């Protein structure tokens, strides 16, 4: 079986490796694949299209449906005659307004939804994400994240729990998108420092808030890792004694995966996690991790409990380590991926799934009409958000400026509404 993958990511990026690249590579020679990533061209020659269409199945990942790829996606949908899967591990169509990628991803939403509705199947990483996308495509499948043993496996680090000659390191590791999440633990971490002072230090990699940066005994490293293979040794080198995984309670976050639980546990790091669906579906509270509510007391008590209970920390770290290598190792759990792909090919080889809820039929006119309509809605939403921000600013402005800007705002709103 040969698969053509089209992704907005490089094959060495985290999402690419965790969700597709490492899994499919482990299934060779049963599966072969080609990767067309962020350097995908807007137009292809007939010969290039012919070679792409030699695949038995297409997988379109994450935000590849975007303005610059419409022509290629159109050919895949309507000319290839091959089964098509849309794969994602994030709710990219409902990114919250305070997210740093909200503006960048707004134009992608209509394309992703329209493309998804016309695919043969959708693969997600969680049940929560599946429930969000089932109204657009009834053929949704959940396939768990898996850790590549070759990247992550090392014997459990018993020695770090018995020979500590330094302050306890409480750490967080994540991308800059997690600033709103870190705000959930700011007050609790300040209280931990006030109580334990020289007994603890704090380490943040990839993301930190201004408030946490001012805290004494705090280390921060800001580095972008394009190659996910560099991450396992880096996480181990940070020597976290307690790993934090806060998540703000939003719809977007509730659809995220349990990847931090897997990564912390693989390194023998006992973790404290927000009691939300990415974690409370995987973590056994008090056994393989600590689940806490997003309150100052919740986080403070959970961190304090592990600081004062080294035996419990060791037990949790060991149990989590054993759990993730049993349930989420690449070497033992790829059969579900192969079976799902084969099932999609067998049941949808000569058909396209159509969303019952949206009643979207497969034809070029509807594909383009849906894109156009969703884009207008996105544009109007953006205009209204901008208007709200400007009105807040007006409260402290001189009256002449207010009158001039109000005139401009009314004109912009009328223009936006006229285009719907």
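Here are some notes:
- Some residue of the stretch 153-175 being within 24 Å of residue 249 (Cα to Cα), out of contact with any strand residue (DSSP E or B) (no Cβ under 9 Å at 6 or more places or on another chain) and either without any contact (Cβ under 8 Å) to a residue 24 or more places away in the chain or not assigned by TED's automatic domain parsing to the domain that holds residue 266 (or both): no
- Any chance residue 234 is in the same structural domain as residue 175 (by TED's automatic domain parsing) and farther than 26 Å from residue 305 by Cα: yes
- In the stretch 245-350, counting only helices (runs of 4 or more DSSP H) that sit wholly within it, the ones holding 3 or more residues that are farther than 23 Å from residue 92 by Cα and out of contact with any strand residue (DSSP E or B) (no Cβ under 6 Å at 6 or more places or on another chain) span 296-308, 310-327, 335-348.
- Checking the stated criteria, residue 189 turns out to be surrounded by 20 or more Cβ atoms within 10 Å (Cβ to Cβ), outside any strand (DSSP E or B), in contact (Cβ under 8 Å) with a residue 12 or more places away in the chain and more than 21 Å from the chain's Cα centre (by Cα).
- Qualifying residue in the stretch 122-145 (condition: without any contact (Cβ under 8 Å) to a residue 60 or more places away in the chain and more than 30 Å from residue 61 (Cβ to Cβ)): no
- Residue within the stretch 200-216 that is touching a helix residue (DSSP H, G or I) at 6+ places or on another chain (Cβ under 8 Å), assigned to a strand (DSSP E or B) and under 16 Å from residue 305 (Cα atoms) present: yes
- Restricted to helices (runs of 4 or more DSSP H) entirely inside the stretch 1-92, those with at least 1 residues that are surrounded by fewer than 19 Cβ atoms within 10 Å (Cβ to Cβ) and at pLDDT below 90 are 46-52, 70-79.
- Checked against the criterion of being more than 16 Å from the chain's Cα centre (by Cα), surrounded by fewer than 21 Cβ atoms within 10 Å (Cβ to Cβ) and at pLDDT 95 or above, the candidates 216, 232 yield just one match: 232.
The values are calculated or read from the model by the stated rules, or taken from the named source; none is laboratory data. As the structure is a computational prediction, the values presented were derived from the model and not from experiment. Glycine gets a Cβ as well: all are built from the backbone with ideal geometry, and neighbour counts include every protein chain shown.
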